[in-house]
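S.K.: Handing you a structure now.
What follows draws every value from the coordinates through simple rules; no lab data is involved. Here the structure is a predicted model, which is why all the values come from computation and not from measurement. Virtual Cβ from ideal backbone geometry, glycine too; neighbours counted across all protein chains shown.
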Amino acid sequence: MRRIAVIGMGAMGSAVAKALLSSGAEIVTYLEGRSSGTRERAAAVGIREVDLTALVKAKIILSIVPPSQAIAVADLVATAMRASQSPAIFIDCNAISPQTMGSVAQAFDNTNAKVLDGCIIGGPPTANLGPRFYLSGDAEEIVPILVEYGLDARALDSDIGAASALKMCYAGINKGLIGLGTSMLLAAAKNGADKALMAELSESQSQLVAKFAKGIPDMYPKAYRWIAEMDEIAAFLGADDPAADIFAGMAGVFQRLATDRTGNSEIATTLSQMLAERPEGSVNRYDALSNGNLDEGTKGLEPIPSARGSQDKVDLESELEEGLEDSFPASDPISATVTSIPGSTRT
């Protein structure tokens with residue numbers, strides 16, 4: 001039985017620890033200074049608490065904490081490893097920029113530790129589905145061990161920093177889209193355009209509405225954690241990239257939602273009501289039409305009346321005849337396998 005330490009007993013950390021435990025690993029954690037809720041969460045899944053001296057004797061140490069705590073955790077573990085000269089493998093799995101990951105790795109100077117850069121994409125593991133762990137920095141030997149104990153782990157053929165960059169880019173798209181949607185829905189509500197916006201989105205962007213309907217409410221309890229993540233993305237892009245300002249702004253959006261949650265949740269209520277009141281059964285007419293289904297492309301929709309209403313069907317038939325393809329099919333799902341994904345460098 002291999003001992004694996006998991007630092008961070010939040011929703012992700014505790015679920016990962018439980019998955020590893022159920023696959024036969026011995027799991028330990030360090031909970032000094034943590035809340036009673038965190039301790040109860042760890043105990044509920046059968047994770048054993050140990051002190052730092054015992055923790056660094058583990059073969060592998062996974063750090064799964066909020067981005068703002070990543071360096072502090074690395075410093076704490078490195079100090080203990082320096083004293084014991086433990087040869088453990090420390091894997092930072094946090095949503096941090098490559099720059100911050102460099103500071104994490106630097107904390108382990110003058111130790112016998114092997115440091116790997118990791119990122120987690122996806123939600124906490126469940127009985128049938130788990131997130132993907134991407135590792136960079138000479139991770140080929142470690143990935144099979146994690147796979148053996150139930151994780152979908154994949155090695156990037158790149159140095160430390162690549163996995164963090166992957167997380168920044170993916171989160172920038174995925175969570176950035178949630179932040180963008182949140183901002184525009186609130187702006188519509190503030191200016192009396194909420195019903196019209198939801199009707200139009202439901203008619204022309206049904207897949208986007210479906211994402212918002214799930215992703216925005218799911219974000220409410222996580223907003224406080226996403227603030228630092230947006231700051232990390234801004235730092236990753238750098239001051240010379242104008243897009244960095246976008247993510248600095250997104251940090252403010254999630255700060256607003258986090259503050260709202262500690263108050264009367266007025267903002268969350270507004271958003272949830274908008275998403276709940278969207279027209280039911282709407283389909284993306286362009287998706288249906290591009291697949292040759294005129295009936296599905298025009299039924300079940302309740303657009304805002306306009307001068308174009310009587311001409312709408314004629315226009316859409318013409319678009320179909322001209323071979324209009326106005327949507328992008330979803331990419332094929334990727335199977336959970338051990339892979340080595342080549343990286344690239346830019347000079």
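S.K.: What dipole magnitude, in Debye to the nearest 20, does region 116-202 give about its Cα centre under +1 on Lys/Arg Cβ and -1 on Asp/Glu Cβ?
M.R.: It comes to approximately 660 debye.
S.K.: Fewest first, what order do Lys18, Lys59, Lys167 take by the number of other Cβ atoms within 10 Å?
M.R.: Least to most surrounded, the residues fall as Lys59, Lys18, Lys167.
S.K.: Would you grab the residues whose amide H sits under 5 Å from the one on Arg154? Only those 5+ places off in sequence or on another chain, please, with H modelled 1.01 Å from N.
M.R.: Phe133, Tyr134, Leu135
S.K.: Moving on. Apply 1/(1 + (r/R0)^6) to the Cβ-Cβ distance of Ala276 and Tyr170, taking R0 = 25 Å, and write down the FRET efficiency to the nearest 0.05.
M.R.: Efficiency for this residue pair is about 0.30.
S.K.: Residues with amide H under 5 Å of Leu31's amide H, sequence separation 5 or more or different chain, H placed in the peptide plane at 1.01 Å from N; which?
M.R.: Val50
S.K.: Please list 3J(HN,Hα) in residue order for region 9-24, calculated via the Karplus relation 6.51 cos²θ - 1.76 cosθ + 1.60 where θ = phi - 60°; whole Hz, with x for glycine and proline.
M.R.: Working through the residues one at a time gives 9, x, 4, 6, x, 5, 5, 5, 4, 5, 5, 5, 4, 5, 9, x Hz.
S.K.: Next question, about the same structure. If we count other beta carbons within 10 Å of each Cβ, what is the order of Val209, Val6, fewest first?
M.R.: Val209, Val6
S.K.: What is the projected area of the convex hull of the Cα atoms of region 52-170, averaged over all directions, in nm²?
M.R.: 7.0
S.K.: Given all pairs of different Cα atoms, what value in angstroms does the Kirkwood hydrodynamic radius of region 161-276 take?
M.R.: In region 161-276 this quantity evaluates to 14.7 Å.
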